[in-house]
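One structure below.
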Amino acid sequence: MILESPFAAALNRLLEREDWARQKLAPFAGEAVELRGPPLPALRFTILPGGTLEAGGGEPGLIVTLKPDILLAVMRGEEHLLRSVDVSGNARLASEVMLLVRHLRWDVEEDLSRLVGDAAAHRLAQAGRDFAAWQADAAQRLAQSFADYATEEKRVLVRRRELSALGADVARLRDSLERLAKRIDRLG
């Protein structure tokens, strides 16, 4: 319940700005939703009659699992967040939640502008996007460097084309051995 309350407050802040979003959730009042985002603990929320959320809840009717790449996708402003979300449970509720995932966005820049002004908010938001892009680029380069090291220098891993060639060679050797075995049987 320690993390559930702040998450519920943040989600309610998003929902309060969008009437249509609360109207989509209101018919499911009383249902519990579990949000899983490893490595964080699972968070449960109960949908209230007004379409907002309350921390805690009973057995979930819907489980929403966030894949690790969702934060990066959000920071980049990607439109295809659905690839980073898995749902299971109540199909009608899942449909509405996925609609919210597709269309409900936190306007970080708008919230920041209330604190520091429009120009500073724009620069801070851009710095956040640049930082996320830099992190993604660094992770991609690190992964590529590791793959090159493991395949070229240490030869711990094999490239796909080399593995395919080895498989073809093994198949030819097997066929040759079978032909040789048949010849030996005929002589035998």
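The values are calculated or read from the model by the stated rules, or taken from the named source; none is laboratory data. Computed from a predicted model, the values in this text were never measured in an experiment. Glycine also receives a Cβ, built like all others from the backbone with ideal geometry; neighbour counts cover every protein chain displayed. The accessibility values were calculated without ligands, DNA or RNA, using every heavy atom of the protein model including side chains. Shrake-Rupley method; radii C 1.70, N 1.55, O 1.52, S 1.80 Å.
Starting from residues that are touching a residue at least 24 places away in the same chain (Cβ under 8 Å) and not basic (Lys, Arg), keep the ones in segment 104-130 and report whichever is most open to solvent (accessible area, probe 1.4 Å).
The residue in question is Trp106.
Residues checked against (1) in a helix (DSSP H, G or I); (2) modelled with pLDDT of 90 or more; (3) of a type in the set (Asp, Glu); (4) under 28 Å from the mean Cα position of the chain (by Cα):
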residue	(1), (2), (3), (4)
Gly128	yes, no, no, yes
Gln140	yes, no, no, yes
Phe146	yes, no, no, yes
Leu157	no, no, no, yes
Ser164	yes, yes, no, no
Asp185	yes, yes, yes, no
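List every residue pair whose Cβ atoms sit under 9 Å apart, with the two residues 6 or more apart in sequence or on different chains, where the first one lies in segment 15-43 and is more than 16 Å from Met98 (Cβ to Cβ) and in a strand (DSSP E or B) and the second, anywhere, is of a type in the set (Gly, Ala, Ser) and open to solvent by less than 50 Å² (accessible area, probe 1.4 Å).
Ala32/Gly56; Ala32/Gly57; Ala32/Gly58; Ala32/Gly61; Leu43/Ala8; Leu43/Gly37; Leu43/Ala55
Has segment 72-83 got any residue that is more than 30 Å from Ala127 (Cβ to Cβ), open to solvent by 50 Å² or more (accessible area, probe 1.4 Å) and either at pLDDT 90 or above or not aliphatic (A, V, I, L, M) (or both)? Reasoning before the result, please.
Filtering segment 72-83 for residues more than 30 Å from Ala127 (Cβ to Cβ) gives none.
So far as segment 72-83 goes, no, none of its residues is more than 30 Å from Ala127 (Cβ to Cβ), open to solvent by 50 Å² or more (accessible area, probe 1.4 Å) and either at pLDDT 90 or above or not aliphatic (A, V, I, L, M) (or both).
Can you tell me how many residues in segment 135-146 are surrounded by fewer than 12 Cβ atoms within 10 Å (Cβ to Cβ) and closer than 17 Å to Pro68 by Cα?
Count: 5.
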